[in-house]
1. Given +1 on the Cβ of Lys and Arg, -1 on the Cβ of Asp and Glu, and no further charges, what dipole in debye does segment 260-387 carry about its Cα centre, rounded to the nearest 20?
2. Could you give me the ³J(HN,Hα) list for segment 189-194, computed from phi with Karplus coefficients 6.51, -1.76, 1.60 and θ = phi - 60°, whole Hz, x at Gly and Pro?
3. Kindly sort E86, E102, E173, E46 by accessible area of their heavy atoms, largest first, with the probe set to 1.4 Å.
4. Once a ≥ b ≥ c are taken as the square roots of the eigenvalues of the Cα gyration tensor of the chain, is the result rounded (a/c under 1.5), prolate (a/b larger than b/c) or oblate (a/b not larger than b/c)?
5. State whether segment 294-336 is rounded, prolate or oblate according to the following rule on the C-alpha gyration tensor (a ≥ b ≥ c being the square roots of its eigenvalues): a/c under 1.5 gives rounded; otherwise a/b larger than b/c gives prolate, and the remaining case gives oblate.
6. Given a 1.4 angstrom probe, I'd like the percentage of the accessible area of segment 39-181 that is carbon and sulfur, rounded to a whole number.
7. Just name one of N78, I257, S91: the one whose Cα is farthest towards the positive end of the charge dipole of the chain (beta-carbon charges, Lys/Arg +1, Asp/Glu -1).
8. Among L300, F361, G323, whose Cα projects farthest towards the positive end of the dipole of segment 299-369, with charges put on the beta-carbon of Lys, Arg (+1) and Asp, Glu (-1)?
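The values are calculated or read from the model by the stated rules, or taken from the named source; none is laboratory data. None of the values given here were measured: they were computed from a predicted structure. Every residue, glycine among them, receives a Cβ derived from its backbone with ideal geometry; neighbour counts consider all protein chains shown. Only protein heavy atoms, including side chains, enter the accessible area calculation; ligands, DNA and RNA are left aside. Shrake-Rupley method; radii C 1.70, N 1.55, O 1.52, S 1.80 Å.
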Amino acid sequence: KQWYQRRVAITAGEAQLNPDAYRLSEKMRIIAAAFSDLKYRFTILEDATTICPQNYDLWYDMSGALSEGTVDKKLLENTLSPILLEYEENSREIKDVAKGKEITASEYDDLAYYVAKDGGNWWSDNTVAWVEIDLGGPCSINELQIHWWGTSYSNDYDLLAEVDGEFVLVRTEDDEDRDESYYNPWGVLQGWDKLTSKVRVDMRDGNIDPWYGKYYFGIRQMIITGVEHGNKNVVSLNKQIKTNKPSAGQELIDGDISTYWTSDESSSWIKIDLEGLCVIDHVIFEWLDNIQGRQKIQYLVGGKSNLQKEGKFNIIHLFGIAGQLSIELQNSTTYSIREITAVGSCYSAKDILKIKVNMGFIKPDASYNLYVIGDISGIIEQLEIGM
């Protein structure tokens, strides 16, 4: 009873924030109940949760509707893909990708923490020092700014980026554009074209501060402007596959490059069911020898082409959403391919609906809203929904 009273109170509170949206969603909920066809009931309820995702009763009605049958996969993909696309586009906004991330240093870790937050003072009393920021996943970097402390800046440093698990040199002190302030100058370095998971500054040749007379290096803040790309996985591994050769094709997605698929039909095709909606970053073709003929790759959503590209490929950089990959092979008498690897992130229907609820709040991290998001996510977790 107490839980129900809390739910009603919170729902009423959200209605006060946007009463028009709440009233409209309630009208749609009533209309949806009049339909016996699950397809129409699901579509109306899903639209209503877009208008007012905080309305608990919509999610309970959706749960009841889905318990009566199965929603067509194509309808699910067409309905949920716009949510996922909006989420991905918002996630790829340019921002300070270092803010609030884990930071370590050659000394005074407790002070280094503030360098990647809102600013503070980190010092080193050694003649060489380093600061390292873990970005939490691959990011593209547009610009890096260092706000030095006092006059204790480095006259000789290397800027290293972790790329594919290894640190590589991307910039040096010579590349820094430093302003002319005598105290606390800002230094700016241009970005680089490698996806970066960590950033490290190795400092040498410092300047002892004029106040304490012992700190060679000092940093007030580091701002790293870029885009977070999230951790990518192989989303095609061991998924369902069909080719123009019946009962063949598993070799293409088994993760074993010692096996290969071959076809001697000039017009050949391959279809890989990703078993969910996936945000694809790139697709890799591991040919037995050289590229054979031309390839046309399509990202399918709801059975229809969402994105496509044609050419001769070893690797295709094509960002987009797909529930299925369709590949056409042409202009060769034979094709031999070891592996086709699609790299990205996959989401189930429940994942996307939870994302939708979270996106419905201006401040999802506020304690008040966390109750609502947690409760509705619990309802979504119980939905009998495929994909």
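1. Values: 11 positive and 15 negative charges, 84 e Å.
For segment 260-387, the charge dipole is close to 400 debye.
2. For segment 189-194, the Karplus curve yields 10, 6, x, 9, 9, 10 Hz.
3. E102, E86, E173, E46
4. On the way: a/c = 3.16, a/b = 1.27, b/c = 2.48.
Oblate.
5. Working: a/c = 2.71, a/b = 1.75, b/c = 1.55.
Since a/c reaches 1.5 and a/b is larger than b/c, the shape of segment 294-336 is classed as prolate.
6. 43 percent
7. Toward the positive end, the furthest listed residue is N78.
8. Going by the Cα projections, it comes out as F361.
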